[in-house]
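The values are calculated or read from the model by the stated rules, or taken from the named source; none is laboratory data. From a predicted model like this one, the values you see are computed outputs, not experimental measurements. Every residue, glycine among them, receives a Cβ derived from its backbone with ideal geometry; neighbour counts consider all protein chains shown.
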Amino acid sequence: MPFEKKPEPRPVKWEITYEDEDCISIWRYNTKKNPNGPVDVEYKYKKTFVQPKRNRTMKDLLKDS
């Protein structure tokens, strides 16, 4: 009688954290809600992150002239 190894149960909930030079992103998974991808993604920007300037629109250009 050979020894049969039981498959390990897959986790239902887990999260993966990615850290970049500008931000920390947390990807949360829950296979009961969505088996194909993350349920929630949260971005936490670091204090050194500078928000890029937005492009000027036609409304802004008209206001200046």
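Looking at the structure I just gave you, is residue 60 surrounded by 10 or more Cβ atoms within 10 Å (Cβ to Cβ) and more than 16 Å from the chain's Cα centre (by Cα)? Step through it out loud before you land on a result.
Values: surrounded by 10 or more Cβ atoms within 10 Å (Cβ to Cβ): yes; more than 16 Å from the chain's Cα centre (by Cα): yes.
Yes; evaluated as a whole, the condition is true for this residue.
Looking at region 14-28, I want the residues that are more than 17 Å from residue 39 (Cα to Cα) and modelled with pLDDT under 95 and have a partner that is of a type outside the set (S, T, N, Q) and in a loop (DSSP other than H, G, I, E, B) with Cβ atoms under 6 Å, at least 6 apart or on another chain. Which pairs are those?
These pairs meet every condition: 22/49.
Taking the condition hydroxyl-bearing (Ser, Thr, Tyr) and either surrounded by 10 or more Cβ atoms within 10 Å (Cβ to Cβ) or part of a strand (DSSP E or B) (or both), does residue 17 pass? Reasoning before the result, please.
On the way: hydroxyl-bearing (Ser, Thr, Tyr): yes; either surrounded by 10 or more Cβ atoms within 10 Å (Cβ to Cβ) or part of a strand (DSSP E or B) (or both): yes.
Considered against the rule, which asks whether it is hydroxyl-bearing (Ser, Thr, Tyr) and either surrounded by 10 or more Cβ atoms within 10 Å (Cβ to Cβ) or part of a strand (DSSP E or B) (or both), residue 17 comes out as yes.
For region 20-35, give me each residue that is of a type in the set (Ser, Thr, Tyr) and not in a strand (DSSP E or B).
Step one: filter region 20-35 for residues of a type in the set (Ser, Thr, Tyr), giving 25, 29, 31.
31, the sole residue that qualifies.
Inspect region 36-49 for any residue being surrounded by 10 or more Cβ atoms within 10 Å (Cβ to Cβ), aromatic (Phe, Trp, Tyr) and modelled with pLDDT under 90 and give the result as yes or no.
The answer is yes, given that some residue of region 36-49 is surrounded by 10 or more Cβ atoms within 10 Å (Cβ to Cβ), aromatic (Phe, Trp, Tyr) and modelled with pLDDT under 90.
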